[in-house]
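Right, one structure below, let's go through it.
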Amino acid sequence: MQNKKFYVTTPIYYVNDRPHIGHAYTTILADVLARYHRLMKVPTYFLTGADEHGQKVQQAADKAGISPQAHADATVVRFQELWKKLEITHDDFIRTTESRHKVVVRKLFQDLYDRDEIYRAEYDGWYCVPCERFFMEKDLDNGACPDCKRPVDRIRESNYFLRMSKYQDWLIQYIQDHPKFIQPDFRRNETLGFLRKKLNDLCVSRPKSRLSWGIELPFDKEFVAYVWCDALTNYISAVGYLSDDAMFRKWWPASFHLIGKDILTTHTVYWPIMLKAMGVEQPESVFAHGWWLVGDAKMSKTTGNVVNPMEFVDQYGVDPFRYFLMAEMVLGQDASFTEEAFIRRYNADLANDLGNMLSRLIKMIESYAGGILPAPGESGDDEKQLREAAVAAAGTMERTLEGMRLDLGLGAVANVVREANRYLERKQPWTLAKQADKTPLHTVLYHAAETLRIVSGLLWPVMPGKMADLRRTLGIVEEQPDIHSLKEWGKLKPGTKLGPMLALFPRIMPAEKKEAAGEGIVAAQAGKTPPETTAAAGGGAARPGGTVVAPAGVALVEYADFQKIQLRTARILEAEKVAGADKLLKLQIEIGGEKRQLVAGIAQYYDAAALPGKTVVVVANLKPAVIRGVESNGMLLAASAGKELRLVTVEGEFPSGAVVK
Ligand code: MSP
C-alpha cells in the first residue's frame, strides 16, 4: 500500500431503527480494513456514528411519546453496544446532535449562503416522506417516488436551494477523470447514467412548521437543514473541518466512504457537489457494497426476517460471524445470509480446516516433542512449496485489499490452510515419529506450525479474538501481527513451549432440518464436539477433514444440488500462459456478453494460440479464486482419460451464454 494514511468511514446510521446485519456488515468491513491498514503500519482513522435528525427520528420519537433527543439518546446505545460486542475499533463515533457537529453545519451553510451557492425560492412539486426527498413531476415513476416507489405528497412552500445544476458538467468530468472515485465500476456507470438527466438544484432546508427536528439555519430561524446535508457533513466535521486545521489536513480526504448501494446518489452526486461548492477536496473513493438478502428475500420488518446480529453472535460467537460476512460477500454484489450457509462455511473453513489442523498439530507436538516446538532440519520440495504458498498469501491479501476483494484474500488464506493439511497428509508425521532419526518429523512439525503463524496473522483483522488465542498457543507474544513478519518465513523460535490445547472452532452440529412450513432454513445449535475429540492424531490416520469419512463408492447427489451448478457455453477470446506456472493458462472468455477471466490447468494439452474462438462449457457460478496470483472466475469442463485431456465443447456454431443442462 503506497497510501500515506487511511481514513475510512461508514454511513452514520439512523437511530430510529434497530441495528441489523446490513449495519453490522459495513461496520465490520470498515473495521477489518482499518485493522489491516494498522497492521501495515499505515496511519489509520476509522469513523462511524449516528444520524439523529430528520423526519424518521422525529416520527419514531412522536410514536414513543418522548422528545427526539431523548429518543436518540436511548436508541444510539444499541449501536454503541453492538460495536463493542463486534470488537469494532473505531477511532470516533459521531452523533449529529453533538454541538461539535452542529457548529460546522451552521458555519458551512452560512458560508454557502454568503457566496450565493444557496438561494431562496418557491418550491412547487412532490415530496417523498420516507426518503425525505423532493421530486419534480417529470422525475416521478408512475406518480410515485422513483427511489422507493411509495406515494408522494404534493408540496408548495418556500425553501433554500443549493445551486447543484451548475456543477453537473463538472461532476461528470470529475467522475470520468477519476476512475477510482466511485467503485465498483458498475456503480460509477450507474451514477453517470443518473447524471444523463438534467440535475435540479437541491432543496437543502425544511421549514420548521413541517419538521423542527434538525439544525437551525444560521440565516433563517424558520428553517432547519435538510437531513442529508447535515448527515454527509459528519465525514468532515468529525476530523476537524472548520475547527481543527491540523487534524483536517492530516485525515481529509477520506480514503474510502463505505456505503450500501441504496445511498449511492447522495454520496456520489449531492456530497461531491456540496464539497465542490465549499471548495473542499473530494474523497478518494466511495465504495458501494451490495445488500444482504435473507435467502433470496429482501430483509424487511414487515416480513419479519431481519437478522439480529446480537442474537447471532450470542449463539455462534463474534469471530465466526465476522469471518462469514467478510468471506461470503463478493464486495459490490448482493449476498445471501442464512444460518445454513453460515454453518456450512464455519464447519468447512474454520472447524474442519483451520481448527482441526491446529488441534492435530498441537497434539502431535505434545506427543512427539514434549510440547516444545522442534527445530526444522533440511527442507525438500514439499516444504518449499508450502513456504512459498504461505508467504505468497500475505502478498495476495495486500493486493486483494487494494482491489477491495477481501473475499479473494480470505480464499487465498483458506487455500494455504488446505495446502498445509495436505502437506501433513503427505508427510505422515505419525509414521515419521516411529523412525530413529527425528529430524524429518521435526521439519514437518515446524513447517506446519510456521504456516499457522502466518495464517493467524493474515486472519487477525477478521477474527482478532480467535487469532490472538491461536497465536498464544503458538507461543507468540506480540498481541498484533506485523505485516512484514507475515511475509517472512521462520519467525517461530524453535524451543518455544506451545499450548495449551484449544478447541478453537468446535464443530457445529446442524440439528434435524425443521420441516416448518415456509421456513426452509436449517435450524442449528452450537455443537459441543471439539475437533480434537474427533480427529485422529499420533499413530492413527489423521485426516485433514477430521470428521468426515468419504463414502467408499460414488457419492450420489440430489437433483436440487446439481441444479445449483450453472453450466454455460462460453467463447474463448484470448489465452496466454500464466508466468511461472507450466500447467496454467489465463483465459479471457465471454459468457453471453459478460467478459470474464479464468485460469485453467490445460497448458500441457492446449497451445494458447489454438484456443481463441472455441466455444466451451464453463461452471459459471463457481466462487472466484486466486490461482498463482491470478484471479479466476469460473471453471472449464474437460474430459480426461489417462494422459489425454479434451475440452468439452458444443457442436457447430452456438451462442455463448447458453444454458447447458
Ligand atoms: N442515515 C443514512 C446514512 C447517512 S450517511 C451520511 C442511512 N442510514 S440507514 O441506517 O438507513 O442505513 C445505513 C446503511 O445500511 C446504508 O448503507 C444501507 O445501504 C445499509 N443497509 C441497509 N440494509 C442493508 C442490507 N440488507 N444489507 C446491507 N446493507 C444494508 O441510510
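Just a few scattered comments:
- Gain upon complete extension [Gln315, Lys438; 0.36 nm per residue less C-alpha separation]: 39.9 nm
- Cross-link pairs beyond the 22 Å C-alpha cut-off, checked among Lys198/Lys595; Lys102/Lys149; Lys41/Lys261; Lys583/Lys614; Lys586/Lys614; Lys138/Lys197: Lys198/Lys595; Lys102/Lys149; Lys41/Lys261
- Projecting the Cα positions of Pro184, Leu202, Trp170 onto the charge dipole of the stretch 160-206 (unit charges on Cβ atoms of Lys, Arg, Asp and Glu, taken about the Cα centre) puts Leu202 furthest along the positive direction.
- Within the chain, helix-based [θ] at 222 nm, where runs of 4 or more DSSP H residues each add -39,500 (n - 2.57), nearest 500: -11000 deg cm²/dmol
- Cα point-scatterer Debye curve for the stretch 414-485, base-10 log of I(q)/I(0) at q = 0.12, 0.13, 0.16, 0.19 Å⁻¹: -0.38, -0.44, -0.62, -0.80
- DSSP-loop trypsin sites (Lys or Arg not before Pro) across the stretch 182-231, with at most 15 other Cβ within 10 angstrom: Arg196, Lys197, Lys198, Arg210
- Sequence-distant residues sharing a close amide H with Lys577 (under 5 Å, placed H): Lys586
- Relative contact order, whole percent, for the stretch 341-428 stands at 31, derived from Cα pairs under 8 Å and 6 or more residues apart.
- Oblate is the label for the stretch 75-168. Its Cα gyration tensor axes, ordered a ≥ b ≥ c, give a/c of at least 1.5 and b/c at or above a/b.
- Rg over Rh [alpha-carbon atoms, Kirkwood Rh] for the stretch 197-350: 1.07
- Only Cα pairs under 8 Å and 6+ residues apart enter the sum, and on that basis the relative contact order of the stretch 80-196 stands at 19 percent.
- Neighbour-count ranking [beta-carbon atoms within 10 angstrom, fewest first] of Glu284, Glu644: Glu644, Glu284
- Taking N as its residue count, the alpha carbon Rg of the stretch 375-467 over 2.2 N^0.38 Å: 1.19
- One decimal place: the segment Gln480-Arg426 gains 16.2 nm when fully extended, by the rule 0.36 nm per residue minus the C-alpha distance.
- Candidate lysines for bridging to Lys85, where Cα separation is under 24 Å - those fewer than 8 sequence places away on the same chain excluded: Lys301, Lys466, Lys528
- Under the membrane-span-like helix rule (DSSP H runs whose alpha carbons stretch at least 20 Å along the helix axis, mean Kyte-Doolittle hydropathy -1.0 or higher), the chain yields 21-39, 68-85, 99-114, 381-402, 406-427, 439-459.
- Estimated translational diffusion coefficient (Stokes-Einstein, Kirkwood radius over Cα pairs, 4 °C, 1.567 mPa s) of the stretch 7-54: 112 µm² per second.
- Working ranking of peptides 363-372, 45-54, 143-152, 439-448 by packing, defined as the average number of other Cβ atoms within 10 Å per residue, highest first, is 45-54, 439-448, 363-372, 143-152.
- Working ranking of peptides 310-323, 488-501 by packing, defined as the average number of other Cβ atoms within 10 Å per residue, highest first, is 310-323, 488-501.
- Distance in nm between pseudo-label sites at Asp153 and Lys208 (7 Å out along the Cβ direction from Cα): 1.9
- Here Lys208 is the anchor, and the aspartates and glutamates within straight C-alpha reach of less than 13 Å, apart from those fewer than 8 places off in the same chain, are Glu157, Glu216, Asp220, Glu222.
- For the stretch 303-377, convex hull of alpha carbons as volume per residue, Å³: 134
- Cα-only Debye scattering, the stretch 1-160: base-10 log of I(q)/I(0) at q = 0.08 Å⁻¹: -0.35
- FRET efficiency estimate (nearest 0.05) - Cβ-Cβ, Tyr174 to Leu622, R0 41 angstrom: 0.65
- Taking 17 Å as the cut-off, the amide N atoms of the stretch 97-132 that come nearer than this to a point 7 Å along the Cα-to-beta-carbon line of Asn200 belong to 119-132.
- Charge tally around Thr96: other residues with Cβ under 12 Å, Lys/Arg +1 each, Asp/Glu -1 each, net -1.
- Whole-number percent relative contact order across the chain, with pairs defined as alpha carbons under 8 Å at least 6 apart: 11
- For the chain, the equivalent ellipsoid derived from the alpha-carbon gyration tensor has semi-axes of 49, 30, 24 Å in decreasing order.
- Positive-end extreme of charge dipole, the chain - chosen from His442, Phe248, Val477 (charges on Cβ): His442
- Long pairs among Lys298/Lys661; Lys384/Lys438; Lys5/Lys487, criterion Cα-Cα beyond 27 Å: Lys298/Lys661
- Euclidean distance of C-alpha centroids, the stretch 232-288 and the stretch 374-421, integer Å: 36
- Here Asp607 and Tyr119 are evaluated by their C-beta separation; at R0 = 51 Å the FRET efficiency comes out at 0.15.
Just so you know, all these numbers are worked out from the coordinates, no wet-lab data involved. Note that the coordinates shown come from a computational prediction; the quantities given were computed from them, not determined experimentally. Glycine also receives a Cβ, built like all others from the backbone with ideal geometry; neighbour counts cover every protein chain displayed.
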